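Engineer: One structure coming up, written as structure tokens, with questions to follow.
The values are calculated or read from the model by the stated rules, or taken from the named source; none is laboratory data. Since the model is a prediction, treat every value here as computed from it, not as a measurement. Cβ coordinates were reconstructed from backbone atoms using ideal geometry, including for glycine residues, and neighbour counts include every protein chain displayed.
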Amino acid sequence: MLNEYLPILLFIGVASVIGVAPVLLGMVLGPHKPDVYKNSPYECGFEAFEDARMKFDVRYYLVAILFILFDLEIAFLFPWAIMLKGDTIGAAGFWAMMLFLSVLVIGFIYEWKKGALEWE
Amino acid sequence: MIIDAWVTELLLPFLGDYAAWAGTFIDLMIKIVAIVLPLMLCVAYLTYAERRVIGAIQLRIGPNRVGAKGLLQPIADALKLLLKEVIIPAEGNRFLFVIAPAISLLAALIAWSVIPFSPEVVLADINAGLLFVLAATSLGVYGVIIAGWASNSKYAFIGCLRSAAQIVSYEIAMGFALVTVLMASGSLNLSAIVNAQAGATFLSWFWLPLLPMFVVYFISGVAETNRAPFDVAEGESEIVAGFHVEYGGMAFAIFFLAEYANMILISALTTLLFLGGWLPPFDFAPFNWVPGAVWFIFKICFLLFCFLWFRATFPRYRYDQIMHLGWKIFIPLTIIWLIVVGLWMRTPLWLW
């Protein structure tokens, strides 16, 4: 069982090397002449007014929270979807998930009506 | 497996009991390199293909100077980027700044470990293949977020917020589309999903019963990779280049590679899930004389051409339009089609 996952572990190792090694190689091979203006964050020729880690729109949080909800819902749907073919779980299994989905759809309609999905 | 036994025998006098481990390790490494190396070459030549195809669509020639017909252009680009300075902005987080592109590339590459190229030709034939793919592709958003935050630049920060919100929004629609594929195939294993689509003609592939999901999945894939027409994150006229504005030299090249590797991955997944993977369009001669891997690559190339075609054809969406499309059109559509497929499968009319 775990043997099947060994290639994936090795693949992650190889992929990390491919990601990091060229950057390090570029740092070695490329020139290195830093100065204040080159290293300052890009801001249309101005000097940066303040730190860039500033306040941002709360809607990005909202999108992230909704994403977690829906992604979890998808994770719940996976095992059900696999068992659906061949009618292993029967009508009861099917309608139980429909009930669960309808609860989520009501939530979705609520957030829609509340304007959580509006970007003006 | 032959290499495995051969290496084990060769190392037996030196390593004793560990020879079998070393044999497996070297065997796996050879297989991994045999996947990754051609993939990176494909990525490099996809950038060339993009410039040529868009050039042709816009009645230009495109790159044609370096090597015969410009074929060495990607290599020249890579060399040039390799010799450029990697600038790490002041007050940025150095460590996160360097690993962000690596995370992007990692997310684009690791899913390839479970992709079957033809029957039995797959590195890791795990039974939770699609779950792994879903998890691996979700990692991509971390690269974007970390890059934007570590740069300490306002453009990068705004770009990363927009990109991340867009990527996660479309991921939901993609997830629901995957669920419908699971319902139709009854397995998480990608080889089993392709085998479930086997039939006499291309009508037995899942694109037909899941047609809306096929369209939603591919368009979401375009949005996931931040490609035109959904590339507001790097809208040149507003926030210059989005989350990777501060990156230069090889660090930028890695982001570039990750974007194109993601395009190939999305095309490969669409092919496996909806277009029958390695299956020929008609299961009789001469179509089934062609090896399965050739059909697989042919289908991927067609979808990649669609990526380039979209970029040359469609004007860029506005950000609120992108979010509207993702949340208010794709998600309701996928939920409805999920229920439709569920009901459909309970009737004798389900033929797949």
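Engineer: Do any helices (runs of 4 or more DSSP H) entirely within the stretch A:1-110 hold 1 or more residues that are in contact (Cβ under 8 Å) with a residue 12 or more places away in the chain and more than 7 Å from chain B (Cβ to nearest Cβ), and if so, which?
Structural biologist: Numbers: elements: A:6-29, A:36-39, A:58-84.
Here the list reads A:58-84.
Engineer: Suppose the filter is free of Cβ contacts under 8 Å to residues at least 24 places away in the same chain and either of a type outside the set (Asp, Glu) or assigned to a strand (DSSP E or B) (or both); does B:Ile266 pass it? Break it down stepwise before answering.
Structural biologist: Numbers: free of Cβ contacts under 8 Å to residues at least 24 places away in the same chain: no; either of a type outside the set (Asp, Glu) or assigned to a strand (DSSP E or B) (or both): yes.
No, not satisfied.
Engineer: Quickly run through the stretch B:293-350 and pick out the residues that are in contact (Cβ under 8 Å) with a residue 40 or more places away in the chain, in contact with a Leu (Cβ under 9 Å, 6 or more places away or on another chain) and surrounded by fewer than 17 Cβ atoms within 10 Å (Cβ to Cβ).
Structural biologist: Within the stretch B:293-350, no residue meets the criteria.
Engineer: Of everything in the stretch B:276-292, what is touching a residue at least 60 places away in the same chain (Cβ under 8 Å), surrounded by 18 or more Cβ atoms within 10 Å (Cβ to Cβ) and in contact with a helix residue (DSSP H, G or I) (Cβ under 6 Å, 6 or more places away or on another chain)? Give them in sequence order.
Structural biologist: Across the stretch B:276-292, the qualifying residues are B:Gly277, B:Trp278.
Engineer: Of these, B:Pro101, B:Pro89, which one is at the interface with chain A (Cβ under 9 Å from one of its Cβ atoms) and either at pLDDT 90 or above or under 18 Å from A:Gly19 (Cβ atoms) (or both)? Even if it seems obvious, please write down each step before you answer.
Structural biologist: Numbers: B:Pro89 fails: either at pLDDT 90 or above or under 18 Å from A:Gly19 (Cβ atoms) (or both).
After applying the criteria, what remains is B:Pro101.
Engineer: If you don't mind, there's one more thing I want to ask. Take B:Ala124 and tell me if it is touching a helix residue (DSSP H, G or I) at 6+ places or on another chain (Cβ under 6 Å), aliphatic (A, V, I, L, M) and modelled with pLDDT under 90. Let's see the steps before the verdict.
Structural biologist: Details: touching a helix residue (DSSP H, G or I) at 6+ places or on another chain (Cβ under 6 Å): yes; aliphatic (A, V, I, L, M): yes; modelled with pLDDT under 90: yes.
Yes, satisfied.
Engineer: Right, next: Looking at the stretch B:104-131, which of its residues are crowded, with 20+ Cβ neighbours inside 10 Å and either more than 7 Å from every other protein chain (Cβ to nearest Cβ) or on the phi > 0 side of the Ramachandran plot (or both)?
Structural biologist: B:Ser104, B:Ala107, B:Ala108, B:Ala111, B:Trp112, B:Val114, B:Ile115, B:Pro116, B:Val122, B:Gly129, B:Leu130
Engineer: Is it fair to say B:Leu178 is touching a residue at least 40 places away in the same chain (Cβ under 8 Å), closer than 19 Å to B:Leu139 by Cα and surrounded by 20 or more Cβ atoms within 10 Å (Cβ to Cβ)? So that I can check it myself, show each step before the final result.
Structural biologist: Details: touching a residue at least 40 places away in the same chain (Cβ under 8 Å): yes; closer than 19 Å to B:Leu139 by Cα: yes; surrounded by 20 or more Cβ atoms within 10 Å (Cβ to Cβ): yes.
So B:Leu178 fits the description; yes.
Engineer: Of the residues B:Arg316, B:Arg311, which is at pLDDT below 90 and outside any helix (DSSP H, G or I)?
Structural biologist: Values: B:Arg311 fails: outside any helix (DSSP H, G or I).
Result: B:Arg316 is the single residue among B:Arg316, B:Arg311 that is at pLDDT below 90 and outside any helix (DSSP H, G or I).
Engineer: Hey, another quick one. Would you be able to say whether some residue in the stretch B:46-55 is over 20 Å from the mean Cα position of the chain (by Cα), surrounded by fewer than 18 Cβ atoms within 10 Å (Cβ to Cβ), over 23 Å from B:Cys160 (Cα atoms) and not charged (D, E, K, R)? Quick ask: steps written out before the conclusion?
Structural biologist: Just the residues of the stretch B:46-55 that are over 20 Å from the mean Cα position of the chain (by Cα), to begin with: B:52, B:54-55.
Remaining after also requiring surrounded by fewer than 18 Cβ atoms within 10 Å (Cβ to Cβ): B:54-55.
Still in the running and over 23 Å from B:Cys160 (Cα atoms): B:54-55.
Still in the list and also not charged (D, E, K, R): B:54-55.
Yes.
Engineer: Looking for something closer than 21 Å to B:Thr47 by Cβ, within 21 Å of the chain's Cα centre (by Cα) and modelled with pLDDT under 80 - is there at least one such residue anywhere in the stretch B:245-264?
Structural biologist: no
Engineer: Could I ask something else about it? Please count how many residues of the stretch B:52-70 are in a loop (DSSP other than H, G, I, E, B) and among the basic types (Lys, Arg). Full working, then the answer.
Structural biologist: As a first pass, look at the stretch B:52-70 and keep what is in a loop (DSSP other than H, G, I, E, B): B:58-67.
Right, trim to among the basic types (Lys, Arg) and you get B:60, B:65.
So the answer is 2.
Engineer: Let me ask another. Go through the stretch B:244-270 residue by residue and tally those that are in contact with a His (Cβ under 9 Å, 6 or more places away or on another chain) and at the interface with chain A (Cβ under 9 Å from one of its Cβ atoms).
Structural biologist: At the first step, the residues of the stretch B:244-270 found to be in contact with a His (Cβ under 9 Å, 6 or more places away or on another chain) are B:251-252, B:255-256.
Cutting the leftovers down to at the interface with chain A (Cβ under 9 Å from one of its Cβ atoms) gives us B:251.
Going through the stretch B:244-270 one residue at a time, the tally reaches 1.
Engineer: For the stretch B:167-180, state whether one or more residues are more than 10 Å from every other protein chain (Cβ to nearest Cβ) and either in contact with a Lys or Arg (Cβ under 6 Å, 6 or more places away or on another chain) or β-branched (Val, Ile, Thr) (or both).
Structural biologist: Checked against the condition, which is being more than 10 Å from every other protein chain (Cβ to nearest Cβ) and either in contact with a Lys or Arg (Cβ under 6 Å, 6 or more places away or on another chain) or β-branched (Val, Ile, Thr) (or both), the stretch B:167-180 yields no hits at all.
Engineer: Also, I was wondering about something else. Which of the residues belonging to the stretch B:132-159 are within 25 Å of B:Ala111 (Cα to Cα), surrounded by 24 or more Cβ atoms within 10 Å (Cβ to Cβ) and at the interface with chain A (Cβ under 10 Å from one of its Cβ atoms)?
Structural biologist: Selection gives B:Gly143, B:Gly148.
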